[in-house]
């Protein structure tokens, strides 16, 4: 172990005993971490990133076995520590920030109790000393009125504030190492930028080492010092962040980078370079290179297990063609011939070409007010979640709806789908007014408009097969005969790329991308004209995201679909939509075609959102995005239409 190394891992292996056999989740990885260094672990789901972090913390499930030639932290062999000794290390010298803070914070304890208990469990600090430390760290992480917040419960805070509390809790004992497992995946772009900027500043101030696990390469480019790319339980490439992005050597790394829609570089509406296939099943023994079945550069030598080749200082690659792929470029959709075609297909041009088409969806002054209960000495309160929103979406086009959490996007979608009655306003589909509270109106909605939700695993019945999940809509609407339904479902599943062998599998047996394809097939089986896509790719890896975006673009072109695309990933929005509507506080603050919104925004809130985009450009750092209060001060013109106010004041 080198003198400046805080953590050294050599030949770490983790095996899980399952009903199908032994799953080799981590297959002999090596890496080290220096004091104050930020190491990012990247890769698709199922590659072993989270299992690696749990192995370091000794938090593996009971069916797991951990083995390693070396696992040293601050010179101590973690393999030899007893459970009490490991608990003393875990939480004090080594801590973890999880993806979803609400599953990590105790909902029945105040924030003060949870923060103070963390320090008192590992030190001799008194309650007063622990409280002072908690207030100091809450102020450090940018939480206003820190002393008052100690008496609040987790549900009383927003997602961004809860994540800040988790960071403060991780820093309570002054750890040497923080492991952050997807800490910003569920956050809006502005909150993500704030959290990343905060984490980077605190890491430098306290000289804390960080292992940051993510599949967002834009985040990696802005915060990492070094990057380790994992695939099928192995580290296939490791390098300093700038060198990895400028000179990726492994085909898998290059594939991940090509999957990202980059504003200004990826032509809107054109197919992304998706990686075919999925991560292999790690049950049993894998021979040779695990990536060879998905690799366009595979050769006969790939049948042999490739060694780790060190090409340059700190740049290692596990590939038989290491150092020989720098000049090999995958096909890109921006050749000179295709650029002219892309120019003809820019959002502005497409809108102009379809200016005379019929309107598929129109909202007129749509409003939703939630009224809170009155008390004996209290007036009733109300929240205007959606306030007189008017939108028109032309047939065959797509409208992107963007904004932070809580701005009313999902409430608007729920009203469109008939899941929530509007307080006021009208919904028109192809010029006909629809009443979602009427049974006939609801039937018209479901036949013409269908949703694709964010998390397909929670929206698909786990007890039904893929075929049943898609067919049920036809049976409920009494469409066709059993034989015709069987043919229709088979054709639809084939159209979305689901092979016949998967038709009788259950959602739990599918990958994330396959589940989303099933959700798309279920939405299309009634032949709707409009799809409401509510964050359809936010829970997916970049490679699977590229596959789903390509599928949505193809289906839109082939079937003439109209999309309302809700997302906080602005790079995805720019790539797939024709127009953009920016929502804040229940109102539309700006609307225009993609070119105007992304290149000449007029509203300060839109400019704040665009400044939060993390493109994969090393060296730029994380933008310093102002907090909610300051943003609100800059966007004062919209404040009168949102928020909580007594009914008597309206």
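The values are calculated or read from the model by the stated rules, or taken from the named source; none is laboratory data. Being a predicted model, the structure only gives us computed values, none of them experimental. No Cβ is skipped: glycine too gets one built from the backbone with ideal geometry, and neighbour counts run over all protein chains shown.
Mind counting the residues in the range 99-121 that are touching a helix residue (DSSP H, G or I) at 6+ places or on another chain (Cβ under 7 Å) and either assigned to a helix (DSSP H, G or I) or closer than 29 Å to residue 85 by Cβ (or both)? Steps first, please.
We begin by selecting, within the range 99-121, every residue touching a helix residue (DSSP H, G or I) at 6+ places or on another chain (Cβ under 7 Å); these are 101-102, 104-107, 111-112, 114-116, 118-120.
After this cut, where a residue has to be either assigned to a helix (DSSP H, G or I) or closer than 29 Å to residue 85 by Cβ (or both) as well, the list is 101-102, 104-106, 111-112, 114-116, 118-120.
Total meeting the criteria: 13.
Would you say residue 228 is in contact (Cβ under 8 Å) with a residue 24 or more places away in the chain and in contact with a strand residue (DSSP E or B) (Cβ under 8 Å, 6 or more places away or on another chain)? The answer is yes for residue 228.
Rundown of residues vs (1) outside the structural domain of residue 625 (by TED's automatic domain parsing); (2) assigned to a helix (DSSP H, G or I); (3) more than 22 Å from the chain's Cα centre (by Cα); (4) over 17 Å from residue 613 (Cα atoms), yes/no style:
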residue	(1), (2), (3), (4)
152	yes, no, yes, yes
155	yes, yes, no, yes
163	yes, yes, no, yes
166	yes, yes, no, yes
178	yes, no, no, yes
185	yes, no, no, no
195	yes, yes, no, no
198	yes, yes, no, no
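Do the conditions hold for residue 542, that is, is it in contact with a helix residue (DSSP H, G or I) (Cβ under 8 Å, 6 or more places away or on another chain), farther than 27 Å from residue 359 by Cα and modelled with pLDDT of 90 or more? Spelling it out, it is not the case that residue 542 is in contact with a helix residue (DSSP H, G or I) (Cβ under 8 Å, 6 or more places away or on another chain), farther than 27 Å from residue 359 by Cα and modelled with pLDDT of 90 or more.
Return yes or no: is residue 519 part of a helix (DSSP H, G or I) and over 29 Å from residue 257 (Cβ atoms)? Before the answer, list the steps.
On the way: part of a helix (DSSP H, G or I): yes; over 29 Å from residue 257 (Cβ atoms): no.
So residue 519 fails the test.
Can you confirm whether the range 9-31 contains a residue that is surrounded by 22 or more Cβ atoms within 10 Å (Cβ to Cβ), at pLDDT 90 or above and part of a loop (DSSP other than H, G, I, E, B)? No, the range 9-31 has no match at all. Sort through 309, 305 and tell me the only one that's over 22 Å from the mean Cα position of the chain (by Cα), surrounded by fewer than 20 Cβ atoms within 10 Å (Cβ to Cβ), assigned to a loop (DSSP other than H, G, I, E, B) and without any contact (Cβ under 8 Å) to a residue 40 or more places away in the chain. The match here is 305. On inspection, residue 223 fails the criterion of being within 21 Å of the chain's Cα centre (by Cα), buried (at least 20 other Cβ atoms within 10 Å of the Cβ), at pLDDT 85 or above and under 27 Å from residue 108 (Cβ atoms).
Is at least one residue of the range 481-495 over 30 Å from the mean Cα position of the chain (by Cα), part of a loop (DSSP other than H, G, I, E, B), at pLDDT 90 or above and not assigned by TED's automatic domain parsing to the domain that holds residue 405? The answer is yes, given that some residue of the range 481-495 is over 30 Å from the mean Cα position of the chain (by Cα), part of a loop (DSSP other than H, G, I, E, B), at pLDDT 90 or above and not assigned by TED's automatic domain parsing to the domain that holds residue 405.
Residues in the range 435-447: is at least one surrounded by fewer than 18 Cβ atoms within 10 Å (Cβ to Cβ), over 14 Å from residue 526 (Cα atoms) and modelled with pLDDT of 85 or more? No, the range 435-447 contains no residue that is surrounded by fewer than 18 Cβ atoms within 10 Å (Cβ to Cβ), over 14 Å from residue 526 (Cα atoms) and modelled with pLDDT of 85 or more. For the range 593-624, the tally of residues that are in contact with a strand residue (DSSP E or B) (Cβ under 7 Å, 6 or more places away or on another chain), touching a residue at least 60 places away in the same chain (Cβ under 8 Å) and in a loop (DSSP other than H, G, I, E, B) stands at 0.
Touching a strand residue (DSSP E or B) at 6+ places or on another chain (Cβ under 6 Å), in a loop (DSSP other than H, G, I, E, B), surrounded by 14 or more Cβ atoms within 10 Å (Cβ to Cβ) and in contact (Cβ under 8 Å) with a residue 24 or more places away in the chain: does that describe residue 40?
Numbers: touching a strand residue (DSSP E or B) at 6+ places or on another chain (Cβ under 6 Å): yes; in a loop (DSSP other than H, G, I, E, B): no; surrounded by 14 or more Cβ atoms within 10 Å (Cβ to Cβ): yes; in contact (Cβ under 8 Å) with a residue 24 or more places away in the chain: yes.
No.
Looking only at the range 65-82, residues that are touching a residue at least 24 places away in the same chain (Cβ under 8 Å) and out of contact with any helix residue (DSSP H, G or I) (no Cβ under 8 Å at 6 or more places or on another chain) come to 6 in all.
The condition of being closer than 26 Å to residue 14 by Cβ and either at pLDDT 90 or above or in contact with a strand residue (DSSP E or B) (Cβ under 9 Å, 6 or more places away or on another chain) (or both) does not hold for residue 257.
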